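Here's the structure, in structure tokens; my notes come after.
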Amino acid sequence: MYRANKLVLAHFWVAIGAFLVAICLGEWQMFMRSPLSAWISNPEHYYRSVTAHGTVMGYVFPTLIAMGFGYAITERALQRALIGLRWAWVGLWLLLVGAAMASITVALGKASVLYTFYPPLTGSPFYYLGVVLVVVGSWIWVALMVVNLRAWKRDQPSATVPLAMYGNVAGALLWAWTSLGAALEILLLILPASLGWVDTINAGLARVFFSWTLHAIVYFWLMPAYIAFYTIVPRAIGSRLYSDTMARVAFALFLVFSMPIGIHHLFADPQVGAGFKFVHAAMTAMVSVPTFLTVFTIVASVEIVARLRGGRGVFGWLKALPWSNPMMLALTFSFVMLGLGGVGGLINMSYQLNETVHNTQWVTGHFHLIFAGAIVIMYFMIAYDLWPSLTHCAPLPERLVKVQLWLWFVGMLVLTLPWHWVGLLGMPRRMAYYDYSHPALQAQAWTVTASVCGGALLVVSASLFVYLLAFAGRRRGTPVPFTFSRAVHEGRRPPAALNGFGLWVFMMAALTLVNYGYPIAQLASLKEARVPVIPIGTR
């Protein structure tokens with residue numbers, strides 16, 4: 001029945017390979033700017049590395065994970081073969097070609113623009129065309145997720161959409177809408193400038209378009225992790241999901257609240273009015289609602305198994321949790337890092353406090369805790385849980401899995417917590433050189449060295465992850481079916497609005513237009529907003 005196993009494996013292996021290269025680049029960057037290394041002879045090499053690391057980690061790696069996991073969910077949740085298997089391979093090849101184009105262009109020094117497409121600095125058109133191909137390949141996945149769900153609903157009009165598929169399609173729809181902002185920026189503004197067709201570019205408008213994508217993409221990254229929270233974790237630890245309906249509410253609210261928040265990244269930009277900055281700050285606070293719902297629901301779900309194992313008292317049940325289970329360990333680590341990163345996010349979304357940490361290492365620490373910490377550790381568990389079903393191997397050795405998770409958790413804290421500290425002290429991000437002989441920086445030198453050590457632990461953890469899948473995953477065993485968690489009140493039909501997406505997609509589009517329509521129209525009409533293009537190599 002599962003025709004897409006090879007397709008899923010191809011997505012995961014390409015994602016993992018790109019991830020391993022990118023994490024090594026990240027460690028090299030930290031080493032080169034630390035007191036442990038002499039200043040790099042050519043800073044351009046540093047910025048090439050930063051661009052490659054950000055592009056792979058921000059676009060290629062999570063997109064491939066979401067696509068591969070999405071195809072696996074489609075066949076296993078709907079219990080039918082994937083419709084459009086050939087188109088799925090086309091999407092993967094488009095993504096691979098695009099990623100290769102972008103990576104080669106960066107390696108040649110033609111596009112060291114980081115991953116944040118902020119003009120007037122522009123790179124080679126081949127870099128942007130490569131990114132466009134990555135996005136187009138992912139849009140094929142979006143279309144296939146919608147097509148497969150519609151076909152299933154057509155054959156079973158009165159059935160409830162399985163929760164895993166509901167979250168999967170919510171993530172696909174969110175990605176289709178949020179990626180539109182960067183696509184518009186590239187196609188309408190950056191590519192014409194990069195190709196030399198125009199000499200000036202509307203930098204303010206371009207940054208607003210990119211903000212459309214910049215923060216909402218985080219919630220696309222986390223959708224696979226949240227699907228794992230709801231549909232894998234309870235089953236893996238021997239429990240049940242506390243509330244299927246609450247899970248659907250969380251997925252639906254991510255569609256609604258994820259989009260109109262990106263302008264909080266532009267608090268320091270004079271082109272956007274204070275009124276819309278305030279609105280986006282308020283909406284950024286609202287996106288915490290589905291996360292709080294998720295934390296409550298999953299904690300309630302794990303409490304169930306603890307009570308069944310004899311846990312008593314208000315907090316005594318915590319001792320009865322299955323702590324030897326790798327999934328329980330990963331969930332705990334993910335929630336701890338999500339909490340620490342979320343607290344940092346409260347500072348970023350505050351108009352006044354943001355001025356203190358804007359463009360400092362604080363921001364780097366914040367998003368590494370959220371994405372590389374809380375989200376990626378669940379990507380690991382998704383792969384571990386799927387592998388026996390995909391490859392017919394024996395379950396992976398739990399002891400090594402737990403070692404890999406501990407290395408990742410400790411490494412991420414050692415990496416990111418010093419960044420928060422020096423960010424408060426004003427250390428800028430994205431800098432190739434730090435002069436630690438200066439009295440003002442001498443006290444900060446140890447923090448960068450600590451981050452290098454944390455990064456080294458992450459490289460070891462990532463290497464162990466690859467080893468477990470590539471070698472430990474070869475051990476043959478009894479095929480293990482991949483199943484999803486069952487709800488406490490199994491079979492209860494959710495409200496109609498939570499069995500489809502019409503209302504939520506309408507609200508997502510409407511809120512986006514309300515929060516972005518006027519700034520876009522205003523900036524597009526301002527001729528004085530155009531500034532001279534600065535191609536790479538002439539800065």
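Each reported figure results from applying straightforward, stated rules to the coordinates on display, with no laboratory input. Because the structure is a prediction, the values reported are computed rather than measured. In this analysis, Cβ positions are derived from the backbone assuming ideal geometry, glycine residues included, and neighbour counts consider all displayed protein chains.
Listed values, structure above:
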quantity: Computed helical MRE - 222 nm, the chain, DSSP H runs ≥ 4 contributing -39500 (n - 2.57), nearest 500; calculated: -22000 deg cm²/dmol
quantity: For the stretch 1-160, the fraction of alpha-carbon pairs in successive 5 Å shells from zero, as %; calculated: 1, 9, 16, 18, 15, 12, 9, 7, 5, 3, 2, 1, 0, 0
quantity: Extension gain (nm, one decimal) between HIS489 and GLN156, 0.36 nm per residue minus Cα-Cα; calculated: 117.7 nm
quantity: Dipole magnitude of the chain about its Cα centre (Cβ charges: Lys, Arg +1; Asp, Glu -1), debye to nearest 20; calculated: 1440 debye
quantity: FRET efficiency, PHE278 to TRP421 (Cβ-Cβ, R0 30 Å, nearest 0.05); calculated: 0.55
quantity: Cα-Cα over 29 Å, subset of LYS153/LYS402; LYS153/LYS277; LYS319/LYS402; LYS6/LYS402; calculated: LYS153/LYS402; LYS153/LYS277
quantity: Fraction of antiparallel bridges per DSSP, the chain only, in percent to nearest 5; calculated: 60 percent
quantity: In degrees, nearest ten, helix 125-155 long axis to first principal axis of the chain (Cα); calculated: 30 degrees
quantity: Gain in span if fully extended, VAL343 to LEU526, counting 0.36 nm per residue against the direct Cα distance; calculated: 62.2 nm
quantity: Rg/Rg_ref, the chain, where Rg_ref = 2.2 N^0.38 Å and atoms are Cα; calculated: 0.95
quantity: Stretch gain in nm, segment ASP269-LEU188, where the contour uses 0.36 nm per residue and the Cα spacing is subtracted; calculated: 27.1 nm
quantity: Ranking of LEU253, LEU415, LEU424 by count of other Cβ atoms within 10 Å, fewest first; calculated: LEU424, LEU253, LEU415
quantity: Built amide H within the under 5 Å cut-off of LEU241, gap 5+; calculated: ARG486, ALA487, VAL488
quantity: Spatial separation of Cα centroids for the stretch 1-40 and the stretch 426-450, in angstrom; calculated: 26 Å
quantity: Inter-centroid distance (Cα atoms) of the stretch 316-361 relative to the stretch 377-416, Å; calculated: 19 Å
quantity: Mean shadow area of the stretch 115-248 over all directions, Cα convex hull, nm²; calculated: 10.1 nm²
quantity: Reciprocal mean inverse distance between Cα atoms of the stretch 306-395 - Kirkwood radius, Å; calculated: 15.6 Å
quantity: Long-range HN-HN contacts of THR122 with modeled amide H, under 5 Å; calculated: ILE534, ILE536
quantity: The stretch 325-330 - phi-based ³J(HN,Hα) in whole Hz, Karplus 6.51/-1.76/1.60, Gly and Pro as x; calculated: 7, x, 5, 5, 5, 4
quantity: Percentage relative contact order, the stretch 5-535, counting C-alpha pairs under 8 Å, at least six apart; calculated: 20 percent
quantity: Cα-projected label distance for ASP435 with ALA300, points at 7 Å along beta-carbon direction, nm; calculated: 5.8 nm
quantity: Separation in nanometres of the label points that stand 7 Å from Cα toward Cβ, at ALA38 and TRP89; calculated: 5.2 nm
quantity: Amide H partners (placed H, <5 Å) of THR200, local residues excluded; calculated: VAL533
quantity: Between helix 398-424 and the chain: long-axis angle, C-alpha atoms, 0 to 90°, nearest 10; calculated: 30 degrees
quantity: Tilt relative to the chain, helix 288-308 - C-alpha long axis, 0 to 90 degrees, to 10; calculated: 30 degrees
